[in-house]
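Each reported figure results from applying straightforward, stated rules to the coordinates on display, with no laboratory input. These figures come from a predicted structure and were not determined experimentally. Positions of Cβ are generated from backbone atoms using ideal geometry, with glycine treated the same way; all protein chains shown enter the neighbour counts.
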């Protein structure tokens, strides 16, 4: 949840998002109270929402490439990667995958 909060703050910092309602609807593709619900309950975001968030950040970073510094664009791209990585289960057992062992 911390990573999602950082992404929200970054989007607000770059004036790409102005409030939690907009973040819920436009960036996560959910109802206006979705982000507040996640914060309140500590629930994990829906993987589809994280995928949408990652794709939207990538899209925006391409459109504003010439309008922001390379360092700021890197921060946006890192946020997109972070959102994508959040879709992965924390442990392989969570997804039914087994550990791969080298012999």
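Structure summary
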{"read-out": "Stretchable slack from residue 88 to residue 69, in nm (0.36 nm times residue separation minus alpha-carbon distance)", "value": "3.8 nm"}
{"read-out": "Nearest 10 degrees, 0 to 90: helix 70-85 Cα axis against the chain principal axis", "value": "40 degrees"}
{"read-out": "Residue with peak Gaussian network fluctuation, the chain [Cα springs, cutoff 10 Å], from 49, 69, 24", "value": "69"}
{"read-out": "Theoretical FRET efficiency, 1/(1+(r/R0)^6), r = Cβ-Cβ of residue 59 and residue 39, R0 35 Å, to 0.05", "value": "0.90"}
{"read-out": "Distance from the stretch 49-64 to the stretch 1-35 (C-alpha centre basis), Å", "value": "12 Å"}
{"read-out": "Gyration tensor verdict on the chain (Cα atoms; rounded if a/c is under 1.5, prolate if a/b is larger than b/c, oblate otherwise)", "value": "oblate"}
{"read-out": "The chain - mean residue ellipticity at 222 nm from DSSP helices (-39,500 (n - 2.57) per run, n ≥ 4, rounded to 500)", "value": "-16500 deg cm²/dmol"}
{"read-out": "Among 32, 78, 67: highest mean-square fluctuation, GNM of the chain, C-alpha pairs under 10 Å", "value": "67"}
{"read-out": "Between 0 and 90°, nearest 10: helix 47-63 axis offset from the chain longest Cα axis", "value": "40 degrees"}
{"read-out": "Principal-axis tilt of helix 2-13 within the chain, Cα atoms, nearest 10 degrees", "value": "20 degrees"}
{"read-out": "Rel. contact order, % - alpha carbon contacts under 8 angstrom, at least six apart, the chain", "value": "23 percent"}
{"read-out": "Residue exposure sequence - 90, 22, 44 - by fewest surrounding Cβ within 10 Å", "value": "90, 44, 22"}
